[in-house]
Every structure is written in structure tokens, then in C-alpha cells.
Amino acid sequence: MISVIVPVYNAAATLVRCVGSILAQTLTDYELILVDDGSTDNSPALCDSYAGGQDRIRVIHKENGGLMSAWMAGVGIAQGQYLCFLDSDDWVEPQYLAHLAAGLDPSEPGFRQVICGSGLIDHAQPDGSVRSEPMIHGAAPGSYRGERLRTGLLPQLLGNENRTVLMSRCMKLIEASLILDSLEFCDPRIRMGEDVNIILPVLLQADEIVILPDACDYHYIYMDASMVHAYDAGMEENTARLFARLRQALAAHTDVLPPETAEAMLGRERSFFYLLEFKNELRSPAGGLYTRVRGWMDRNGVSETIRRYPMAVRERNNRLLMTAMYHPWRPLIWLLGLLFRWKHKV
């Protein structure tokens with residue numbers, strides 16, 4: 001059986017579509033766990049109404065603790081051998097679970113698998129239509145186990161602009177024990193990068209990772225940039241917490257990734273997160289842009305890190321940001337600040 005876990009927080013506007021897409025699945029051997037994370041809208045009543053009409057649906061009501069605490073609560077009561085996560089503002093095609101389950105190999109008991117599907121990012125257009133773009137893994141579709149897994153896939157999980165394996169907890173079917181054995185590495189206080197926090201140790205412990213071809217069954221609803229890309233005063237602290245946990249997970253799995261390989265991968269990932277932190281600094285409403293950005297760079301050793309662990313970037317805007325981190329010239333940083341505040345092009 002599959003346990004589908006949906007964290008819910010003030011999702012009354014999208015929950016009907018989300019749950020309806022799960023109830024329409026062609027594969028029926030599943031349970032649905034709705035975790036109400038202290039919602040203040042009509043979400044709790046909606047969750048209870050679903051549970052009242054479907055034996056396979058269970059509901060948890062808890063105090064607000066954030067996304068990670070919500071799905072962890074769902075994991076705690078899940079009865080399925082495999083876990084599947086879905087966000088409450090997203091939805092899936094009817095064949096979603098069936099496509100994921102088709103990648104399982106039941107012939108090897110105790111062989112722990114992660115089945116990875118793909119998805120579509122849905123952008124609402126002014127005329128009411130939807131423009132979709134694919135979210136696909138950088139690695140080729142197929143089965144990764146043994147040496148192919150250890151040397152061909154795992155060393156490339158982090159530190160790349162286009163993820164070798166998408167690090168979202170969604171779009172995957174995960175053997176439940178892999179999640180349970182990885183919870184020790186999770187910090188519920190992490191708000192950005194929380195999926196990397198759980199998926200990295202999961203993938204490090206998997207016996208096989210299967211990347212499915214042509215499985216764009218998950219619809220990720222793109223939120224308005226003004227909501228998602230607001231300045232976060234706690235991002236630097238959040239990143240420090242995340243990397244402490246990633247380092248802990250890598251240190252516990254030197255049997256699959258040697259320390260020097262793990263350190264290089266983590267260094268590249270740090271360079272990647274510096275791009276995100278730099279964008280955040282540029283969004284800050286505070287004055288003194290150049291002084292503030294240079295203080296952030298000097299405090300974290302940004303230039304030294306990106307030189308020691310260079311990361312290839314292809315997107316034009318990211319290349320411009322990387323240039324500014326290599327050479328933090330005052331006019332270039334001022335220009336980037338103007339782009340962020342006036343046009344949000346970077």
C-alpha cells in the first residue's frame with residue numbers, strides 16, 4: 001500500500017482540486033493522510049469532510065509548525081510500505097500513482113527503492129490559460145544501483161544548477177523505512193531547502209534509484225513571484241542550519257560517498273546557495289546596498305568558496321550574479337540592485 005501525505009495550511013482555495021486528483025487515481029491501493037498544520041481558514045473543516053466520507057482518508061490536526069513538521073507528522077501515522085508526498089496547492093494526473101508504482105521491483109524483498117517521476121510547472125496566464133514547462137531530472141531515465149549508483153549518480157546530487165535528480169520530496173515514491181531512517185537528519189526549523197534536507201539522506205541510503213521516462217504527471221502550481229520571492233531576513237541562519245544537517249548526513253554515509261567526494265559536492269552546493277542568498281540580499285528594502293552585500297560576502301567567505309568549489313551556471317542571470325560574487329565591484333552590485341527592485345529580471 002502507498003501512503004499519500006498532504007500537508008495543509010490555509011489551502012481551502014486549492015484543496016478540493018488537490019484531493020480530487022488523488023481520489024481519481026487509477027491505482028487504488030493507497031491511503032490519504034491530510035495534515036492540517038494549524039490552518040486558520042476553512043481547511044480543517046474541508047479535511048474532516050473528506051475523512052467522513054472516505055475510509056481511506058485520515059486527518060491530523062496540529063498546531064502550526066511549518067511544512068516539515070507537517071509531513072513528518074503524516075509519516076508518523078502512515079501505514080503504507082511506500083510514501084508519496086503532495087503539496088496542497090498542486091495536483092496530479094489520474095495515472096500518477098500507477099506510473100510510480102510501475103517502477104517498483106517486488107522480486108527483491110528488503111531492496112529499498114526510490115522511484116522518481118517528473119512534473120510540470122503550471123504558470124497562469126492573463127487570459128486564463130495555463131503555460132506549462134517540464135521539470136525533469138538531469139540524469140538519464142533508467143535504473144541506478146550498485147556501482148552505477150555510487151559513482152555515476154550520488155556524487156552529482158548536489159551543487160548543480162539543473163539537478164541531476166530533482167530534490168523535491170514530491171514526484172517520488174519512497175520506501176517508508178528510507179524516510180524513517182532519515183528523520184534524524186531533519187531540522188523542522190528549516191524553511192528553505194527543507195526538501196534537500198530529507199531527500200539527500202534518503203537517496204544516500206537507497207539500494208536503487210529509478211528515474212522514470214515520460215512521467216510528467218505532477219502539476220506544480222507556480223506562485224506569484226511577489227509572494228515567493230520576498231526578502232527573507234532569516235535566510236542566512238536558515239542556510240547555516242541546512243548545511244549543518246547536510247554535512248551530518250554525508251558524514252554518516254561515508255560508505256557510499258568518500259569524505260573528499262562529499263566535501264566537493266557540498267562545496268558546490270554552498271556556491272549554489274550563495275546565488276540564492278545574494279538574490280535575497282538584493283531584495284532587501286534596507287539601504288546601504290553595497291556595504292551590506294560586501295559585509296555578507298566577507299562574513300561568509302563567498303568569493304573564496306566559489307573559487308574553491310566552482311559551479312557551472314547556464315542561465316544568463318545566474319552568470320551575472322556569479323560574476324558579481326567573483327568580482328564585487330560597486331557599480332555592478334548597484335546595477336543588480338536596480339534590476340531586482342525595478343524589473344525583477346534576475
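How far is it, in nm, from the label point at Ala230 to the one at Arg131 when both lie 7 Å from their Cα along the line to the Cβ?
2.5
In debye, nearest 20: dipole of the range 2-226 around its Cα centre with unit charges on the Cβ of K, R (+) and D, E (-)?
Dipole size: approximately 300 debye.
Could you work out the helix-only [θ] at 222 nm for the chain, with each DSSP H run of four or more residues adding -39,500 (n - 2.57) and the total divided by the number of residues, to the nearest 500 deg cm²/dmol?
That comes out to -12500 deg cm²/dmol.
Would you please give the FRET efficiency between Thr40 and Asp298, computed as 1/(1 + (r/R0)^6) with r the Cβ-Cβ distance and R0 = 56 Å, to the nearest 0.05?
Computed FRET efficiency for Thr40 and Asp298: 0.85.
Before anything else, pin down the relative contact order of the chain: Cα pairs under 8 Å, at least 6 apart, normalised by residue count, whole percent.
Normalised by residue count, the contact order of the chain is 17 percent.
Expressed in nm to one decimal, what extension gain is obtained for the pair Asn162 and Ala98 from 0.36 nm per residue of sequence separation less their Cα-Cα distance?
Full extension from Asn162 to Ala98 adds 20.4 nm.
Between the alpha-carbon centers of the range 27-65 and the range 79-117, tell me the distance in whole angstrom.
Cα centroid of the range 27-65 versus Cα centroid of the range 79-117: 20 Å apart.
Return the sequence-ordered ³J(HN,Hα) values of the range 112-127 in whole Hz as given by the Karplus equation 6.51 cos²θ - 1.76 cosθ + 1.60 applied to θ = phi - 60°, using x for Gly and Pro.
Taking θ as phi minus 60°, the curve returns 8, 10, 10, 9, 10, x, 10, x, 10, 8, 9, 9, 6, 9, x, 7 Hz for the range 112-127.
Using Cβ contacts closer than 10 Å as the measure, can you line up Thr239, Thr261 from fewest to most?
Final ranking by Cβ density, sparse to dense: Thr261, Thr239.
Quick check: net charge around Trp296, other residues with Cβ under 12 Å of its Cβ, Lys/Arg +1 and Asp/Glu -1?
That works out to 0.
Please compute the modelled spin-label separation between Trp334 and Asp48, points set 7 Å along Cα→Cβ, answer in nm with one decimal.
Each label point is offset 7 Å from its Cα along the Cβ direction, giving 5.9 nm.
What FRET efficiency comes out for the pair Ala286/Glu237, r = Cβ-Cβ distance, R0 = 25 Å, nearest 0.05?
In this case the efficiency is close to 0.90.
For Asp122 and Asn64, compute 0.36 nm times the residue count separating them, minus their Cα-Cα distance, and round to one decimal in nm.
So the chain would gain 18.1 nm between Asp122 and Asn64.
Which residues' amide hydrogens lie under 5 Å from the amide hydrogen of Ala11, considering only partners 5 or more residues apart or on another chain, with H built in the peptide plane?
Here the answer is Ser43, since their amide H atoms fall under 5 Å of that of Ala11.
Taking the Cα centre of the chain as the origin and placing charges on Cβ (Lys, Arg +1; Asp, Glu -1), which of Thr40, Ser271, Ile211 is farthest toward the positive end of the dipole?
Farthest towards the positive end: Ser271.
A short reminder: the numbers here are calculations on the coordinates, not readings from a lab. None of the values given here were measured: they were computed from a predicted structure. Cβ atoms come from the backbone with ideal geometry, glycine included; neighbour counts cover every protein chain shown.
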